[in-house]
Amino acid sequence: MAKEIERKFLVSGSRWRQTADAGVRIRQSYIITTDDRSVRVRTYGDGRAQLTIKIGQSALVRDEYEFDIDPDEARDMMRQAIGTIIEKTRYKVRHGSHVWEIDVYGGIHTGLVIAEVELASIHDDPDLPPWVGREVTGESRYSNQVMALGQSAGLTHAVHLQA
């Protein structure tokens with residue numbers, strides 16, 4: 001069983017860009033959502049597409065299954081999306097022994113920048129980069145699923161940019 005163990009943080013400033021890769025554009029939608037599971041479809045700017053199933057209510061650990069799918073089928077599934085399509089560019093930044101994923105959101109979430117780090121275990125304690133701000137692991141309003149469903153009304157541009 002595949003486990004996703006990750007922590008999320010707001011990003012403070014733009015110093016992370018100095019060591020980031022070129023990034024890849026992502027369009028993401030949800031075709032099934034419940035309190036404890038979701039089915040997500042993603043298309044990437046490099047032509048790939050994936051279907052992801054996530055199961056579990058924990059903010060830190062969930063079961064996750066990812067499958068590469070045909071990009072045309074992914075776009076067709078996205079037409080059946082629940083809520084809005086999330087638009088973001090994902091950058092990867094190596095810091096210490098971890099690779100951080102920085103999501104810079106566009107569309108209705110422009111201004112939001114989130115850093116995620118995947119962990120090998122719940123006991124993993126990554127070295128936090130200086131550009132990482134407040135931890136938001138478990139804050140549902142920063143969940144892509146919640147944002148896609150339009151349930152994150154509490155987010156404002158000022159919140160996105162604070163440390």
Selection from the stretch 21-55 of residues that are β-branched (Val, Ile, Thr) and in contact with a strand residue (DSSP E or B) (Cβ under 9 Å, 6 or more places away or on another chain): Val24, Ile26, Ile31, Ile32, Thr33, Val39, Val41, Thr43, Thr52, Ile53, Ile55
Lone unmet requirement of (1) of a type in the set (Val, Ile, Thr); (2) at pLDDT 95 or above; (3) not in a strand (DSSP E or B) for Val146: (2)
Selection from the stretch 34-52 of residues that are at pLDDT 95 or above, among the hydroxyl-bearing types (Ser, Thr, Tyr) and either surrounded by fewer than 16 Cβ atoms within 10 Å (Cβ to Cβ) or in contact with a Pro (Cβ under 8 Å, 6 or more places away or on another chain) (or both): Thr43
Those residues of the stretch 1-32 which are β-branched (Val, Ile, Thr) and within 22 Å of Gly106 (Cα to Cα), in sequence order: Val11, Thr19, Val24, Ile26, Ile31
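The rows are residues; the columns are (1) under 24 Å from Tyr44 (Cβ atoms); (2) surrounded by fewer than 17 Cβ atoms within 10 Å (Cβ to Cβ); (3) of a type in the set (D, E, K, R).
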position: Val104; (1), (2), (3): yes, no, no
position: Ile108; (1), (2), (3): yes, yes, no
position: Ile114; (1), (2), (3): yes, no, no
position: Leu119; (1), (2), (3): yes, no, no
position: Asp124; (1), (2), (3): no, yes, yes
position: Gly138; (1), (2), (3): no, yes, no
position: Ser143; (1), (2), (3): yes, no, no
Check on Val117, modelled with pLDDT of 95 or more, in contact with a helix residue (DSSP H, G or I) (Cβ under 9 Å, 6 or more places away or on another chain) and aliphatic (A, V, I, L, M): no
Strands (runs of 3 or more DSSP E) (entirely within the stretch 1-80) containing at least 3 residues that are in contact (Cβ under 8 Å) with a residue 24 or more places away in the chain and of a type in the set (D, E, K, R): 3-11, 61-68
In the stretch 64-81, the residues that are closer than 18 Å to Ser143 by Cα and either surrounded by 15 or more Cβ atoms within 10 Å (Cβ to Cβ) or small (Gly, Ala, Ser) (or both): Glu64, Ala81
Residue in the stretch 19-33 that is surrounded by the fewest Cβ atoms within 10 Å (Cβ to Cβ), counting only those that are within 30 Å of Pro129 (Cα to Cα) and not β-branched (Val, Ile, Thr): Ala22
Total residues in the stretch 86-99, condition in a strand (DSSP E or B) and either of a type in the set (Lys, Arg) or loosely packed, with under 15 Cβ neighbours inside 10 Å (or both): 5
First in the stretch 108-126 and within 20 Å of Thr84 (Cβ to Cβ), second anywhere and surrounded by fewer than 14 Cβ atoms within 10 Å (Cβ to Cβ), Cβ under 9 Å, 6 or more apart: Ile108/Gly150; Thr110/His157; Gly111/Thr156; Gly111/His157; Gly111/Ala158; Leu112/His157; Val113/Ser14
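The values are calculated or read from the model by the stated rules, or taken from the named source; none is laboratory data. Bear in mind the structure is a predicted one, so any value in this text is a computation, not a measurement. As a convention, Cβ positions derive from the backbone with ideal geometry for all residues, glycine included, and neighbour counts pool all protein chains shown.
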